[in-house]
Ligand SMILES: [Fe+2]
Ligand SMILES: [Fe+2]
């Protein structure tokens, strides 16, 4: 190995640059936080802690709406240019989640959360998140979108 090659390979190039912004990683962290919030919510529900359920529900609703709004404002309009069918599907799922959120919110207000509906909701949300983690978020990181 030549002297030039040796010194080139030992320079930590990444350390010489500021950390690269990663919109995909930030949105993926949102997914994990939302999942954690929802699981805590279900635990509070099972324990009959309705004060906790109501407080966590508001946090979950606000966090999910903020996440969807970020995707819809900054990410999906540009993703639609390269993947229109996938974008339509994601937007359709956002609408479905908002409707389910409304139905679950009524259950929270009445202290009558439908556990089957809640579990189906979180299952669908996990699939939605997994799809984004593997498709639109890597694309966003590549394009530095969001
Ligand atoms: Fe989404
Ligand atoms: Fe998302």
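The values are calculated or read from the model by the stated rules, or taken from the named source; none is laboratory data. Everything numeric in this text was worked out from a predicted model, so none of it was measured. Cβ atoms come from the backbone with ideal geometry, glycine included; neighbour counts cover every protein chain shown.
Cβ-Cβ distance below 7 Å, separation of 6 or more or different chains: which pairs start in segment 118-133 with a residue that is more than 23 Å from residue 26 (Cβ to Cβ) and end on one that is away from ligand 1 (no atom under 11 Å from the Cβ) and in a helix (DSSP H, G or I)?
118/42; 118/104; 121/100; 121/104
Restricting to segment 110-139, and then to whatever is away from ligand 1 (no atom under 13 Å from the Cβ) and surrounded by fewer than 11 Cβ atoms within 10 Å (Cβ to Cβ), can you tell me which residue is farthest from residue 45 (Cα to Cα)?
Among them, the one singled out is 123.
To keep it simple, each residue is scored yes or no on (1) within 25 Å of residue 23 (Cα to Cα); (2) in a loop (DSSP other than H, G, I, E, B).
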site	(1), (2)
48	no, yes
51	no, no
54	no, no
96	yes, no
132	yes, no
138	yes, no
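Matching residues to (1) modelled with pLDDT of 95 or more; (2) more than 29 Å from residue 142 (Cβ to Cβ); (3) more than 16 Å from the chain's Cα centre (by Cα):
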residue: 2; (1), (2), (3): no, yes, yes
residue: 20; (1), (2), (3): no, no, yes
residue: 33; (1), (2), (3): yes, no, no
residue: 43; (1), (2), (3): no, yes, yes
residue: 67; (1), (2), (3): yes, no, no
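Being part of a helix (DSSP H, G or I) and away from ligand 2 (no atom under 14 Å from the Cβ) is the filter here, so list the residues in segment 61-91 that pass it.
Once the filter is applied, which keeps residues that are part of a helix (DSSP H, G or I) and away from ligand 2 (no atom under 14 Å from the Cβ), segment 61-91 yields 61, 62, 77, 78, 80, 81, 82, 84, 85, 88.
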